[in-house]
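Inspection log for the structure reproduced underneath, given as structure tokens.
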């Protein structure tokens, strides 16, 4: 039988498949190398903290002051990944897994950060084994720990039902390469500070224009940072834009939402303001202001957020130096139109 000759297109397709295989293997290798180095390093840092500062004991008396001093020195050298909270996480990691050989490099630092909070050693070891064998993402592991999966299995007579429920809830939570690269701990470990990857194209376009709008007001605004991270109880929050107004000596936090304003959005901004006052604001700075912006097709919303006891100060001292909510609403509507127009033009050029 006469064979059909291979076409140039088929040859190129085969070549593309071979190249893709090489790239996938290389990326997998990079991911594993970063993960292994991170887990091993943080375990060793935890060991050094425990042995040097506590002489190997788990004394609760080891306080925040020592970690704060150590954190200041390490942050100056290596960036944001070595604040006191993360150092406490490393210390807890070592105490939970004191034998280095029991630490599997198949799991990430975020996995171990969750596992170290499980108090019972038997439960901790079981969750670790399951996370490895079932290829659980960090979110899946967190979910199973939060619903007491292990404890329910031990006490249940219908183990198959518990296992089925757990597998159904865990299945869609496999970790992707994108999830891995967005892990803030990975970025801190590599000292990568640019977080614009977290913004979708529309959000980025609106934020670009909004940043320029505030700086051009001529009312004392100075740009501080985009996607600034603050941490509370081992949870990370990101603020879209942070400004400092040197006329009224206070920080302005700006958060953009695409869609309708929700009650939880207001509560989240109030949390940002409170955390910023506690963690960042200096003694000479005024109370922090939040600005919540919601952009949707039918309507834009701009709302300032200040703590309840600062309302009078905000109205009397701050408002003369800030754009009104109505001005911001009009600007937001205009920015959305411009951003949508640019996206349409970019799409047309691709087609």
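The values are calculated or read from the model by the stated rules, or taken from the named source; none is laboratory data. Computed from a predicted structure; not experimentally measured. Heads up, the Cβs are rebuilt from the backbone with ideal geometry, glycines too, and the neighbour counts pull from every protein chain shown.
A compact table of results
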| item | result |
| --- | --- |
| Members of the stretch 110-133 found to be farther than 16 Å from residue 154 by Cβ and surrounded by 16 or more Cβ atoms within 10 Å (Cβ to Cβ), listed by number | 110, 111, 112, 113, 114, 115, 116, 128, 131 |
| Yes/no for residue 136 being part of a helix (DSSP H, G or I) and at pLDDT 80 or above | no |
| Exclusive hit being in contact with a strand residue (DSSP E or B) (Cβ under 7 Å, 6 or more places away or on another chain), outside the structural domain of residue 114 (by TED's automatic domain parsing) and modelled with pLDDT under 85, set 307, 241, 215, 253 | 215 |
| Which numbered condition residue 166 fails, given (1) at pLDDT below 70; (2) out of contact with any helix residue (DSSP H, G or I) (no Cβ under 6 Å at 6 or more places or on another chain); (3) over 28 Å from residue 228 (Cβ atoms) | (2) |
| Qualifying residue in the stretch 284-295 (condition: more than 17 Å from residue 226 (Cα to Cα) and within 22 Å of the chain's Cα centre (by Cα)) | yes |
| Candidate set: the stretch 317-351, residues that are closer than 26 Å to residue 267 by Cβ and modelled with pLDDT under 75; chosen: the one surrounded by the most Cβ atoms within 10 Å (Cβ to Cβ) | 335 |
